[in-house]
Amino acid sequence: MSSEEFEDFMESISDQDQKATEEMIREKEKAFSEGCIEGYNLLKEYGTKAIDSTEKKEAEEALNRMIGYFIQIEHYEKCSDIQKIYRKVFKKDPTPIFPNFGA
């Protein structure tokens, strides 16, 4: 294999790796988005009862992540709804956690 062929081969592997990485990121984003929407729908339907059976630390982190996500996609009404429940349960203001799928 010549050095040029080797470089072409390495470039094709790099392209394949890049495409695979991008696909994995898209799938993570989609799963996270669907989870946030499902969680929001449960909160709208059941209010604070939706998180009663969840460990408080996990629920707190989940709500902070949901708020961060909805801020990023500019769904501020959902942020407000989640924030009300958060304040009711945890007696403090939330600290949004913004998703970063590329890291």
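A few comments on the model shown:
Matching residues to (1) more than 18 Å from Phe98 (Cβ to Cβ); (2) modelled with pLDDT of 95 or more; (3) touching a Lys or Arg at 6+ places or on another chain (Cβ under 6 Å); (4) not basic (Lys, Arg):
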site	(1), (2), (3), (4)
Gly35	no, yes, no, yes
Leu42	yes, yes, no, yes
Ala50	yes, no, no, yes
Thr54	yes, no, no, yes
Asn64	no, yes, no, yes
Tyr69	no, yes, no, yes
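- Of the listed requirements (1) surrounded by 10 or more Cβ atoms within 10 Å (Cβ to Cβ); (2) on the phi > 0 side of the Ramachandran plot, Glu74 misses just one: (1).
- For region 77-103, taking the residues that are β-branched (Val, Ile, Thr) and out of contact with any Gly (no Cβ under 6 Å at 6 or more places or on another chain), the one that is surrounded by the fewest Cβ atoms within 10 Å (Cβ to Cβ) is identified as Thr95.
- Single unsatisfied condition, Glu22 versus (1) charged (D, E, K, R); (2) surrounded by fewer than 16 Cβ atoms within 10 Å (Cβ to Cβ); (3) within 14 Å of the chain's Cα centre (by Cα): (3)
- Taken as a whole, the condition of being surrounded by fewer than 18 Cβ atoms within 10 Å (Cβ to Cβ) and not polar (S, T, N, Q) does not apply to Tyr69.
- Test for Tyr46: is it aromatic (Phe, Trp, Tyr), more than 19 Å from Phe101 (Cα to Cα) and more than 19 Å from the chain's Cα centre (by Cα): yes
The values are calculated or read from the model by the stated rules, or taken from the named source; none is laboratory data. Please read all numbers here as calculations on a predicted model, not as lab measurements. Neighbour counts run over all protein chains shown; Cβ positions are idealised from the backbone, glycine included.
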